[in-house]
Amino acid sequence: MVTSSAAGKTILLGEHAVVYGRPAIAVPVSDLRATVQITPISPGEGVQIDAADLGHVYRLDESYDDDDALPLQTTVRNALYAVGADPDKQALRITIRSRIPIASGMGSGTAVATALVRGISRHYRQPMAPDVVSELVYRTEILLHGTPSGIDNTVVAFEEPVYFVRGSGVETFPVGRPFTLIIGDSGVPARTRYAVDGVRRRRESDPARYDKLFDEIGAIVERGREAIIQGELADLGQTMTENHALLRAIQVSGEMLERLVCAALEAGAPGAKLSGGGIGGCMIALTDEAGAKDVTEALYRVGARRVMVTVVR
Ligand code: PMV
C-alpha cells in the first residue's frame, strides 16, 4: 500500500484577473490536506476509486451521473497513462480522504487530483517532478473550472508561495517576514466554474471596463508581492483590502463574504478579502499572533461556518 497527500491553497491576491493574463499570488495551506491510499486488489477487479468523504465508490470503467466522478476518473486515467500503465488492465483500490472544505475556494479538487497523481507515481515507482504533476492536474482543472488559469495546480504541486502569470514559468519568492492568515469559510457553496463563467459573460458585454479593473488588480498584486518580500505587513493588508473592493466591482463577492470581510477589518485585521472564485466559499484576513483570536471570534460571531489559521513562511 502507498499513501500520498497534497495541500490546500488560498489565493492571496489576483484571482479572476489571473485568468486574463494578470499576475496573482497563491500560497499553500499545508496543514489542510487531501490524502490518497492505493492498495493492489485481485486481478480482474479493475480500478475502484473510493471517495470516502462522499460515500461513493466509482469504478474507472463505468460512467456516473454526478459531477464528482469524471474529474476523479480522468485524473486517474491520465496519471496511469503517464506512468505507462494501461488503465483497463490495473487492479487497484484508491481511497481518497480530504480535510479541505469542498467548493470553498481552497483548492480541494486540485489537492485531491494532486494527491492522486502523486500516489500513482509512487505506486508505480515513477517519480514525477512538480511541474509534471502540475501539468497532469491542469488537465483535471479544465474539467473542474472550464478555463483555469493554472494557478491552483501550480501552487499545490510546488507547495510554496507562487507568483503566477498565465503562460509564464513558475516564480517562487522569499517571504520577508512570516505572516498569519485567518481563513473564514462562509458556508455558502461556490463552484469556481460558475464564478469564472459569470466574469467572462460580464467582460464580454463591457471589455474596456473589465480590462481596466483587471489592470488595477494586476498593479495591486505587484505591490503586494513587494510588501511580502520586504515583510511590510501593513502594506500587504492594504493591498488585500483594495483587491477585495475590485473583486466586489467585478461582482464575485456575496452577502456572507461581505459580512465576514467587514467583521475581520473591524476586529483589527490589517487586511481582508474574499479568496478564490468567490460568491461563497472562503475569505482570508491578515493578522499578527496577537490579533488572531479577536479576528477568529469576530468571524464566528457573524456566522462563519469554520475558521482556520495558517502561517505563510
Ligand atoms: O479554485 P478557486 O475557487 O480558489 O479559484 C481559482 C481562481 C480563479 O482565478 C477564480 C480561477 C482560475 O482559474 O485562476
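A simple charge model with +1 on the Cβ of Lys and Arg, -1 on the Cβ of Asp and Glu and nothing else charged puts the dipole of the chain at about 180 debye relative to its Cα centre.
Highest mobility in the GNM of the chain, judged by mean-square fluctuation with C-alpha springs under 10 Å and restricted to HIS123, HIS56, HIS16, is found for HIS56.
For the pair region 217-244 and region 254-271, the centres of their Cα atoms are 17 angstrom apart.
Shown for MET128, MET308, MET106: other C-beta atoms within 10 Å of each C-beta, ranked fewest to most, produce the order MET128, MET308, MET106.
Considering only LEU257, LEU92, LEU13, the mean-square fluctuation computed in a Gaussian network model of the chain, springs between alpha carbons under 10 angstrom, is largest for LEU92. Database remark: amide H of GLN90 closer than 5 angstrom to no amide H (H placed geometrically; neighbours at sequence offset of 5 or more, or on other chains; Pro and chain starts carry no H).
Straight-line reach from LYS293: taking Cα to Cα under 29 Å and skipping same-chain neighbours fewer than 8 places apart, the lysines in range are LYS9, LYS273.
Evaluated on region 1-92, the Kirkwood hydrodynamic radius is 15.6 Å, with distances taken between all distinct Cα atoms.
The charge dipole of region 28-121, taken about the Cα centre with unit charges on the Cβ atoms of Lys, Arg (+1) and Asp, Glu (-1), comes to about 440 debye, rounded to the nearest 20. Tell me whether region 120-199 comes out rounded, prolate or oblate; compute the Cα gyration tensor, take square roots of the eigenvalues as a ≥ b ≥ c, and use a/c under 1.5 as the rounded threshold. Judged from the Cα gyration tensor, region 120-199 comes out oblate (a/c at least 1.5, b/c at or above a/b). Run the reach check for LYS89 against aspartates and glutamates, Cα to Cα strictly under 12 Å, same-chain hits fewer than 8 apart removed. What comes back? In chain and number order, the partners are GLU45, ASP61. Largest GNM mean-square fluctuation among ASP197, ASP66, ASP294, using the chain with Cα springs under 10 Å: ASP66.
Counting beta carbons within 10 Å around each of ARG125, ARG305 and listing the fewest first gives the order ARG125, ARG305.
Listed values for region 218-226 are Karplus-derived 3J(HN,Hα) couplings in whole Hz (6.51 cos²θ - 1.76 cosθ + 1.60, θ = phi - 60°), namely x, 5, 5, 4, 4, 5, x, 4, 4, and x replaces Gly and Pro.
In the chain, helices alone account for a calculated mean residue ellipticity at 222 nm of -13500 deg cm²/dmol, with every DSSP H run of four or more residues adding -39,500 (n - 2.57).
Cα centroids of region 112-150 and region 82-106: 10 Å apart. Charging the Cβ of each Asp and Glu at -1 and of each Lys and Arg at +1, and nothing else, the dipole of region 116-233 about its Cα centre rounds to 400 debye.
Remark: relative contact order (region 169-234) = 67 percent; criterion is Cα-Cα distance under 8 angstrom and separation of 6 or more residues. Centre-to-centre, using Cα atoms only, region 6-62 and region 162-215 are separated by 19 Å.
Rule-based calculations on the coordinates, nothing more; no lab input. Since this is a predicted model, take the numbers as computed values, not measurements. Counting neighbours? That spans all protein chains shown, and the Cβs are built from the backbone with ideal geometry, glycine included.
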